[in-house]
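Colleague: My questions all concern the structure below.
The values are calculated or read from the model by the stated rules, or taken from the named source; none is laboratory data. All values reported here derive from a predicted model rather than from experimental measurement. No Cβ is skipped: glycine too gets one built from the backbone with ideal geometry, and neighbour counts run over all protein chains shown. Remember, those area values only see protein heavy atoms, side chains included, never the ligands or the DNA or RNA. Shrake-Rupley method; radii C 1.70, N 1.55, O 1.52, S 1.80 Å.
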Amino acid sequence: MTKLVDGKAHMTETVEAKRPAQSAVGATAPLLSVRNIEVVYDNVILVLRGLSLDVPRGSIVALLGANGAGKSTTLKAISGLLKTEDGEVTRGEIVFDGERINGIDPDKIVRRGIFQVMEGRRIIADMTSVENLKLGAFTRSDNEIGADIDMVFNYFPRLKERTGLAGYLSGGEQQMLAIGRALMARPKMILMDEPSMGLSPLLVKEVFAIIRDINRDLGVTILLVEQNARAALSVASHGYIMEQGKVVLDGSASELRDNEDVKEFYLGGAGDQRKSLRT
């Protein structure tokens, strides 16, 4: 049974290298709560229309929908990047770890524990993999950055073998580097925007398996935006489906996988005749 946006249980605390995730379920507030937000671009274009969602601590939550549904805008609203595109949250609030964060500068949001892996990877092409990883740790002043680079190489061993400039990495390797760079910030939460984009089916399977391992091993919470609903629901515990700037359906990953409408519209079968899930 699916239901409209509702808070869920919690699992773990913050990211510390090599700390295993805890599985205990609690009754405290979600790590992230998006409450009835509206987002407007250029003071006139309404993109998000009263969107609400919760992300439990230590979970993987999938945000699904077609192009133009507002998924990437949702991530930018959370990470504070709307300002770079003349967008703003004009209504509602975004609460992270008990504190309201909408309106805060992006660098301060990173310091509070949220790191976004942008669509298209956005690695620095004329820097090496190690230099890109060190860039991810720009908010840190501890002496464990080298140990965390080794940790990233444990998850992505092929990056250790690539000693040249990051611009010469394959698409899959660049995606791995972007995720590794996020881990270097030791975030409480990672926002991932279309990590499967441009990857072969085998690489998609590999990258999503590593995402699941990172969540399990480190306890990092993940909000995952994806058009590849099948891949996203294979690792997520809960999912939200967006259309036209609003959540139209949500439920556990297993409930969404078994939902006949979701199967038709998002898991194959509708083809070019896809209609609105709301309809």
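Colleague: Take the conditions open to solvent by 10 Å² or more (accessible area, probe 1.4 Å) and either touching a Lys or Arg at 6+ places or on another chain (Cβ under 8 Å) or of a type outside the set (Asp, Glu) (or both) and apply them to Asp217. Does it pass?
Modeller: Considered against the rule, which asks whether it is open to solvent by 10 Å² or more (accessible area, probe 1.4 Å) and either touching a Lys or Arg at 6+ places or on another chain (Cβ under 8 Å) or of a type outside the set (Asp, Glu) (or both), Asp217 comes out as yes.
Colleague: Something else now. Go through (1) open to solvent by 40 Å² or more (accessible area, probe 1.4 Å); (2) modelled with pLDDT under 95 one by one and return the number of the condition Glu93 breaks.
Modeller: It fails just one condition, (2).
This table checks each residue for (1) over 23 Å from Leu224 (Cβ atoms); (2) outside any loop (DSSP other than H, G, I, E, B).
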| residue | (1), (2) |
| --- | --- |
| Glu93 | no, yes |
| Lys108 | yes, yes |
| Asn132 | no, yes |
| Thr139 | no, no |
| Asp150 | yes, yes |
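Colleague: Can you name the residue in segment 136-157 that is out of contact with any Leu (no Cβ under 9 Å at 6 or more places or on another chain) and open to solvent by less than 80 Å² (accessible area, probe 1.4 Å) and is also farthest from Arg122 (Cα to Cα) among such residues?
Modeller: Asp142
Colleague: Just one of Val117, Val152 is hydrophobic (A, V, I, L, M, F, W, C), closer than 16 Å to Ile211 by Cα and at pLDDT below 95; which is it?
Modeller: Val117
Colleague: Still on this structure: Which residues, counting only those in segment 26-56, are farther than 15 Å from Val225 by Cα, touching a Pro at 6+ places or on another chain (Cβ under 7 Å) and buried (at least 23 other Cβ atoms within 10 Å of the Cβ)?
Modeller: Correct list: Leu31, Pro56.
Colleague: Given the conditions (1) open to solvent by 30 Å² or more (accessible area, probe 1.4 Å); (2) at pLDDT 90 or above; (3) part of a helix (DSSP H, G or I), which single one is not true for Arg186?
Modeller: Arg186 satisfies every listed condition except (3).
Colleague: Can you pull out the residues in segment 231-263 that are of a type outside the set (D, E, K, R), out of contact with any strand residue (DSSP E or B) (no Cβ under 8 Å at 6 or more places or on another chain) and either open to solvent by less than 20 Å² (accessible area, probe 1.4 Å) or in contact (Cβ under 8 Å) with a residue 24 or more places away in the chain (or both)?
Modeller: Once the filter is applied, which keeps residues that are of a type outside the set (D, E, K, R), out of contact with any strand residue (DSSP E or B) (no Cβ under 8 Å at 6 or more places or on another chain) and either open to solvent by less than 20 Å² (accessible area, probe 1.4 Å) or in contact (Cβ under 8 Å) with a residue 24 or more places away in the chain (or both), segment 231-263 yields Ala231, Ser234.
Colleague: Quick one: count up the residues across segment 152-177 that are outside any helix (DSSP H, G or I) and touching a residue at least 40 places away in the same chain (Cβ under 8 Å).
Modeller: Residues meeting the conditions: 3.
Colleague: For residues that are more than 18 Å from Ile114 (Cα to Cα) and more than 16 Å from the chain's Cα centre (by Cα), scanning just segment 70-87, find the one that is most open to solvent (accessible area, probe 1.4 Å).
Modeller: Across segment 70-87, the extreme among qualifying residues is Asp86.
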